[in-house]
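Here the structure is laid out as structure tokens; the discussion comes afterwards.
Nothing in this text is a laboratory measurement; each read-out follows from the coordinates by a stated rule. Predicted, not measured: the structure shown is a model, and the values here were computed from it. Please note: Cβ atoms are built from the backbone with ideal geometry, for glycine as well, and neighbour counts cover all protein chains shown.
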């Protein structure tokens, strides 16, 4: 263990010496400006199209833009963009609460808990989902609608992601009401401003029928894209319990999965495809993760730590196979109940 820590410190020094832990303000300036430009262009196009079903065709565009605003909020929450905590938080509130209606501070609290204990069956909020089981132990005993969904969770996983944005809107508002966030008044004002601008614009431009369809499609695809970007990073990787004795490095690496791909994949997933590097160095700016990857993989090889990296489609296949296996106890119980009836 001391030797591993010493070599990890050496790895950190190597990465720092290569400038991979330095801020990349130029990169983020381009990304933020481009995202804002597409956002504004989409709004202008939406207004110009006017009260027509053709306006619904822009819903996927807004879903993509919203997700990339989420990526910016994610990086701000990890202090990747600015050296100042206040500047990162200001950007996070604008990208999260105001632009897409998701509570930034509440998300940061949950995400930090996830980073501290990824895939921990009791401490990681990302695996505490009432209708999804990530281990057979989580599945046992579920009844009613939750039991039905868990029993068929592999088939229902992507359809459920269509509800992800709605769920995050609800939890964002609930956190403000419960005052469990750092600045509840600020968050409330920004969330209300988002809802007013978003719904006000949609229902001002479109008549009720197309407006409702636009909101349902846009929010559904937003949740699908956002959830599909985060899901393959840990889902299907080993679960951790209090009985496991993993050192801090193994805890991060063994529970994470990388996705191979081009720079297009990097951009499409907000560089979350370098999940191992991100968990070991959460403040490393997004564009530096690709360069850090071979150095981290070599470190893991020297330390005999399993380093999981797979293709884009295979990452989802692994996730679905794991979910199917985790829900097996419920299917077995269902078969036994049917046989005894």
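With a cut-off of 17 Å on the backbone N, the residues of region 303-341 near the modelled label site 7 Å out from residue 140 along Cα-Cβ are 325-337. Calculated mean residue ellipticity, 222 nm, the chain: -21000 deg cm²/dmol, from DSSP H runs (n ≥ 4) at -39500 (n - 2.57) each, averaged per residue and rounded to 500. For the chain, the Cα-based Rg and Dmax, in that order, read 21.2, 68 Å.
Placing R0 at 45 angstrom, the Cβ-Cβ distance between residue 262 and residue 340 gives a FRET efficiency of 0.25 after rounding to 0.05. Alpha-carbon geometry of region 168-261: the Rg and the Dmax are 19.5, 58 Å, given in that order. Summarising the label geometry, the points placed 7 Å from Cα in the beta-carbon direction at residue 166 and residue 321 lie 3.2 nm from one another.
Largest GNM mean-square fluctuation among 122, 164, 277, using the chain with Cα springs under 10 Å: 122. Shown is the FRET efficiency for residue 309 and residue 52, computed with R0 = 51 Å from the Cβ-Cβ distance and rounded to the nearest 0.05: 0.65. For region 75-98, backbone nitrogen atoms closer than 20 Å to the point 7 Å from residue 29 Cα along Cα-to-C-beta are found at 75-76, 79-92, 95. Between 65, 240, 38, the GNM of the chain built on Cα springs shorter than 10 angstrom shows 38 fluctuating the most. Return the FRET efficiency for the residue pair residue 5, residue 113: r is the Cβ-Cβ distance, R0 is 25 Å, and the value is rounded to the nearest 0.05. Once the sixth-power term is evaluated, E becomes 0.60.
Take the Cα of residue 122, step 7 Å toward its Cβ, do the same at residue 283, and the gap between the two points is 3.1 nm. Shown here: region 22-166, whose C-alpha atoms stretch 51, 46, 19 Å along the first, second and third principal axes, sorted largest to smallest.
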